[in-house]
Amino acid sequence: MAVQLTARQLGWLKGALFLLALVPLARMVVLTVTGQLVEPLEFITRGTGDWTLYLLTVTLAITPLRRLTGWNWLVKLRRMAGLYVFFYGLLHFLTFLWFDHFFDLQEMWQDVLKRPFITVGFAAFVLLIPLAVTSSNGMMRRMGGKAWQRLHQIIYAIAPLAVLHFWWMKAGKHLLGQPILFACIFAGLLLFRLKGKFAKAPKLA
Ligand code: HEM
């Protein structure tokens, strides 16, 4: 049965999810400032990376879930989820720039070029920027729906790059369980979305 929400309920849900998405960050801050971590820098770099990946999964799952359940209001949560992907991705990048390179951009750039798993993570992050910048209703109007949609298809490149980054990093440590899991989830979600797209395409005469 399709669950419908009133505008007020949706507002509450959005507010609750907004706060919920800040919990991982709050936890990282509390554990760091109270000195409960053995390796705080590593914990923060990895924690922000993990949450970028988890929230990317949530964002990609919204369209399939909406189609399967008929809960159309889910689409109203997509922008916030996507902006949180960018937010945690930015924190992840900044922690790398700060803790690994003390804001030395030239040194960071050398590292990006030298280590393939970082090259790929960097590419995924750079591709997230236009999506975040054009996420507002105003930008969508200015660009026009078609161009906006075409641009937002970059997500089909971002998702594999993000998994490859994770995979490559863990491969060095022979820990491929989680990367394989995420590769399967992302492949499933992207295929579901693509299937819907082709099903909607007009038939050629
Ligand atoms: C969409 C963008 C990105 C995603 C989804 C992502 C995700 C992740 C994940 C899941 C991890 C592993 C955390 C763990 O061990 O549990 C990680 C680690 C890491 N990422 Fe990213 N990342 C992204 C972008 C970047 C960028 C832009 C950089 C730097 C330019 C970067 C540098 C690193 C580093 C240095 C590590 C830690 C490696 C280690 O501790 O050995 N990532 N990332």
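Values quoted throughout were computed directly from the atomic coordinates according to the rules given, and no laboratory measurement underlies them. Computed from a prediction, not measured in an experiment: that's the story for all the values here. Don't worry about glycine lacking a Cβ; one is built from the backbone with ideal geometry, like all the others, and counts go over all protein chains shown.
Here are some notes:
Let's see how each residue does on (1) part of a loop (DSSP other than H, G, I, E, B); (2) within 12 Å of the ligand (Cβ to nearest atom); (3) in contact with a Gly (Cβ under 9 Å, 6 or more places away or on another chain):
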{"site": "GLY11", "(1), (2), (3)": "no, no, no"}
{"site": "ARG27", "(1), (2), (3)": "no, no, yes"}
{"site": "VAL30", "(1), (2), (3)": "no, no, no"}
{"site": "LEU41", "(1), (2), (3)": "no, yes, no"}
{"site": "ILE44", "(1), (2), (3)": "no, yes, no"}
{"site": "GLY47", "(1), (2), (3)": "no, yes, no"}
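Condition check ((1) more than 18 Å from the chain's Cα centre (by Cα); (2) more than 12 Å from the ligand (Cβ to nearest atom); (3) small (Gly, Ala, Ser)) across all residues:
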position	(1), (2), (3)
GLN149	no, yes, no
HIS152	no, yes, no
VAL163	no, no, no
HIS174	yes, yes, no
GLY177	yes, no, yes
PHE182	no, no, no
ILE185	no, yes, no
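- Within segment 118-129, not a single residue is away from the ligand (no atom under 12 Å from the Cβ), β-branched (Val, Ile, Thr) and in a helix (DSSP H, G or I).
- Beta carbons closer than 7 Å, at least 6 apart along the sequence or on distinct chains, pair a first residue in segment 158-179 that is in a helix (DSSP H, G or I) with a second that is small (Gly, Ala, Ser) and near the ligand (Cβ under 10 Å from one of its atoms) for ILE158/ALA124; LEU161/ALA123; LEU161/ALA124; ALA162/ALA124; HIS165/GLY121; HIS165/ALA124.
- For THR52: the one exception among (1) within 13 Å of the ligand (Cβ to nearest atom); (2) within 23 Å of GLN149 (Cα to Cα); (3) among the β-branched types (Val, Ile, Thr); (4) free of Cβ contacts under 8 Å to residues at least 24 places away in the same chain: (4)
- Filtered residue count, segment 111-125, keeping only those that are in contact with a Leu (Cβ under 7 Å, 6 or more places away or on another chain) and surrounded by fewer than 19 Cβ atoms within 10 Å (Cβ to Cβ): 2
- Residue list for segment 63-110, filter: touching a His at 6+ places or on another chain (Cβ under 7 Å) and crowded, with 17+ Cβ neighbours inside 10 Å: MET108
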